[in-house]
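S.K.: Before we start, here is the structure in question, set down as structure tokens.
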Amino acid sequence: MSHKSPKPSQLANVALLACLYASSAWAQSETKSEVSATGKSVELVYESSFQNYQRYSASTIQSWKLTNDTVKDIGGWREYAKEVTQDQDAKPSVSVHSHGGHQ
């Protein structure tokens with residue numbers, strides 16, 4: 001059985017893998033945790049996500065005809081659109097972006 005010598009590209013791959021392995025070993029540095037000189041402790045407060053949970057309650061089911069007539073009586077979709085724009089006018093935007101003279 002004869003043993004062939006490796007090709008230069010195979011040697012380069014082996015050398016590259018060896019370098020990557022060595023660099024990853026050096027990247028793992030030992031961390032030392034030091035206690036701060038002030039010695040202040042932090043108080044953790046637990047707040048449950050479910051503390052203010054409100055269970056779903058289905059609204060009463062009405063006839064679709066009655067519901068459509070009610071919407072028509074109050075002004076239809078335009079009335080809902082007015083409510084949305086009035087809510088936006090009442091609540092000013094928190095962040096105001098200035099773009100110089102651009103409008």
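S.K.: I'm trying to understand the selection: among the residues of the range 63-82, which are surrounded by 10 or more Cβ atoms within 10 Å (Cβ to Cβ) and assigned to a loop (DSSP other than H, G, I, E, B)?
M.R.: Gly75 - this is the single residue of the range 63-82 that is surrounded by 10 or more Cβ atoms within 10 Å (Cβ to Cβ) and assigned to a loop (DSSP other than H, G, I, E, B).
S.K.: State all residues of the range 56-78 that are hydrophobic (A, V, I, L, M, F, W, C) and at pLDDT below 90; if no residue qualifies, say none.
M.R.: Selection gives Ala58, Ile61, Val71, Ile74, Trp77.
The values are calculated or read from the model by the stated rules, or taken from the named source; none is laboratory data. This is a predicted model, so every value here is computed, not measured. Methodologically, a virtual Cβ is constructed for each residue, glycine included, from the backbone with ideal geometry; neighbour enumeration extends over all protein chains shown.
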